[in-house]
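Let me begin by presenting the structure, written as structure tokens, before commenting on it.
The values are calculated or read from the model by the stated rules, or taken from the named source; none is laboratory data. What you are looking at is a predicted structure, and each value in this text was computed from that prediction instead of being measured. Every residue, glycine among them, receives a Cβ derived from its backbone with ideal geometry; neighbour counts consider all protein chains shown. To get the accessible areas, we keep the full protein, side chains included, count just its heavy atoms, and leave off ligands, DNA and RNA. Shrake-Rupley method; radii C 1.70, N 1.55, O 1.52, S 1.80 Å.
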Amino acid sequence: MAGTPTPEEMKKIQSSKWYPKYHVAPPYGWLNDPNGFSWYKGEYHIFYQYHPYSVNWGPMHWGHSSSKNFYEWKHQPIAIAPGALSEGHEWYDWDGCFSGCGYEFENKLWLMYTSQKFNGPGGVNSSANPSGINPSGSSGGGNVTERQCFAYSEDGINFTKYEKNPVIDIPNDHPIIANIDFRDPKIWDHDGKYYCVIGNRIRDRSRTQIVMFESENFFDWKFKSVVAISNPDGSEGTMWECPGFAHFGDKYVMIISPQHVPPQGRLYHNIHQAGYMVGTLDYDKGIFTHGNFVTFDYGFDFYATTMMKNPEGRYFIIAWLDMWQSPFPEQEDGWSCILTIPRELKMREDGVVVTVPPDELLELRKECVSYDNLTLEEATQLEGVKGDVGELLFDVDLKQTGDFSFELRCSDDGTEKTVFYYNAAEKYFGLNRDKAGRDQSGVREFDLPELDVLQFRIYLDKSSIEVFMNGGEYVMSTRVYPREDSLGIRFVPTSGKMVIPTLKFYPFDL
């Protein structure tokens with residue numbers, strides 16, 4: 001892609017075969033991690049890592065979309081651009097504007113973001129590096145200094161960089177914090193003070209930590225503590241990105257996105273993970289005492305979770321519905337990558353954390369195809385249950401059902417299908433996308449406890465599938481790239497019968 005597409009070219013991009021109908025996607029170019037998830041002036045705002053000059057990763061900007069309802073997303077102008085590419089020529093973010101948060105303060109929407117400056121010749125935006133490829137090979141991780149900066153807006157659309165940037169700048173000789181791999185700030189307030197947590201790797205790079213800063217006035221930040229740190233054996237990953245805290249009563253949920261967690265049984269076979277830890281947060285000491293890491297999503301494509309709290313006190317998360325080292329066949333159409341649907345973050349009375357599709361998405365339901373009391377003894381396609389954009393809900397009675405699978409985005413000739421399956425004897429659930437379409441392969445599985453029923457709520461959108469199970473306790477998400485005519489949905493008892501007490505399908509007319 002050379003330059004900004006014309007309106008006709010953008011219309012073609014946004015009507016291409018895999019472009020989503022109700023998920024956030026870039027108007028053109030490259031998208032990755034979501035940023036700045038916030039509520040301002042009556043709308044939800046989501047920003048994202050954006051490279052508008054190609055369909056590949058490049059010097060990071062902040063793209064921007066807004067919505068009143070979580071499914072009608074409006075493309076907005078670029079919110080933040082690297083200093084070398086903006087009128088101010090800011091030195092601190094010459095090599096990119098990386099992930100961060102949004103926060104309303106004194107009636108303005110403030111974005112705190114990680115600036116990146118390569119130390120030496122050949123930075124991302126320098127003439128010695130015309131390709132725009134980060135010389136460190138990833139955000140941070142090399143001879144790059146990362147600092148925290150502000151940009152603000154009075155209308156939620158047009159942003160100005162704060163004149164006193166950077167607002168958090170760690171010296172090279174700081175005894176606790178390394179200014180390489182020092183990114184993804186998240187701000188909240190508590191008892192009249194402002195707090196910010198940031199992902200970091202310790203100086204010898206052997207462990208990762210989340211560091212906490214505090215401020216009395218929102219602008220002057222001082223280091224408070226290492227609020228959490230990974231195990232020394234490396235079992236919890238090499239770098240914790242995208243931290244944040246939600247609280248439910250006296251319990252806190254810390255979200256993190258750990259990189260390079262070693263596989264453990266059926267778990268952690270993606271290159272990076274995203275999940276949470278539950279515990280208690282001592283504000284006086286700045287220490288989070290927590291349990292084990294739990295993943296948010298057992299599928300192929302879910303990373304870089306960000307979180308916000310709306311004025312009603314509801315928490316929502318959203319993530320990148322892709323993964324590093326994955327193929328991106330949509331690049332041939334002039335765009336790349338999408339975000340998940342927003343998911344409401346809740347804690348049940350038993351202390352289990354769940355993520356569920358928000359009630360706002362119920363407005364998408366218009367037509368309904370419904371079945372009750374199905375007992376299937378062979379592979380079955382139900383009349384009216386097919387499509388690539390819609391919501392599918394059904395229950396499976398595990399007490400009367402053996403092994404089973406269901407297949408989404410099936411072709412008539414059987415050459416394409418995305419298969420989800422349950423093994424009754426060993427009590428695990430899985431996803432196989434060896435036939436899911438272009439450039440897709442592999443299996444993801446996770447173990448389940450003894451259950452009487454598996455409840456499914458599934459969102460389909462052109463090139464994505466998100467499967468929520470048992471009220472959001474388990475989720476699997478994946479991108480898929482089938483042919484446009486691969487629209488079938490099949491239910492397959494693979495040993496014995498498959499008993500489905502209720503089933504509803506809502507095709508979305510978008």
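Can you name every residue in the range 149-164 that is touching a Lys or Arg at 6+ places or on another chain (Cβ under 8 Å) and either farther than 21 Å from Glu216 by Cα or not hydroxyl-bearing (Ser, Thr, Tyr) (or both)?
Within the range 149-164, Cys149, Phe150, Ala151, Ser153, Glu154, Asp155, Gly156 qualify.
Just one of the listed residues (Leu398, Leu408, Leu339) is open to solvent by 10 Å² or more (accessible area, probe 1.4 Å) and either at pLDDT below 95 or not charged (D, E, K, R) (or both), namely Leu398. Candidates in the range 260-291 are the residues that are assigned to a strand (DSSP E or B) and open to solvent by 30 Å² or more (accessible area, probe 1.4 Å); of these, the one that is nearest to Arg183 (Cα to Cα) is Ile287. Given the criterion free of Cβ contacts under 8 Å to residues at least 40 places away in the same chain and surrounded by fewer than 21 Cβ atoms within 10 Å (Cβ to Cβ), identify the matching residue among Lys504, Lys427, Lys497. Matching residue, one of Lys504, Lys427, Lys497: Lys427.
Return the only residue of Gly237, Gly199 being open to solvent by less than 10 Å² (accessible area, probe 1.4 Å), closer than 20 Å to His290 by Cα and outside any strand (DSSP E or B). Only one candidate passes the filter, namely Gly237. Residues in the range 320-373 that are within 19 Å of the chain's Cα centre (by Cα) and assigned to a strand (DSSP E or B): Trp320, Trp335, Ser336, Leu339, Arg343, Glu344, Leu345, Lys346, Val353, Val354, Thr355, Val356. Criterion applied to Asn129, Asn143, Asn119 was being modelled with pLDDT under 95 and either surrounded by 17 or more Cβ atoms within 10 Å (Cβ to Cβ) or of a type in the set (A, V, I, L, M) (or both), and the one residue passing it is Asn129. For first residues located in the range 42-61 and within 21 Å of Thr340 (Cβ to Cβ) and hydroxyl-bearing (Ser, Thr, Tyr), partners that are open to solvent by 20 Å² or more (accessible area, probe 1.4 Å) and part of a strand (DSSP E or B) and lie 6+ apart or on another chain with Cβ distances below 9 Å form the pairs Tyr50/Ile78. Screening the range 453-467 for residues that are open to solvent by less than 10 Å² (accessible area, probe 1.4 Å) and of a type in the set (Val, Ile, Thr) and picking the one that is farthest from Ile500 (Cα to Cα) gives Ile465.
Looking across Phe213, Phe219, one residue alone is touching a residue at least 40 places away in the same chain (Cβ under 8 Å) and open to solvent by 30 Å² or more (accessible area, probe 1.4 Å). It is Phe219.
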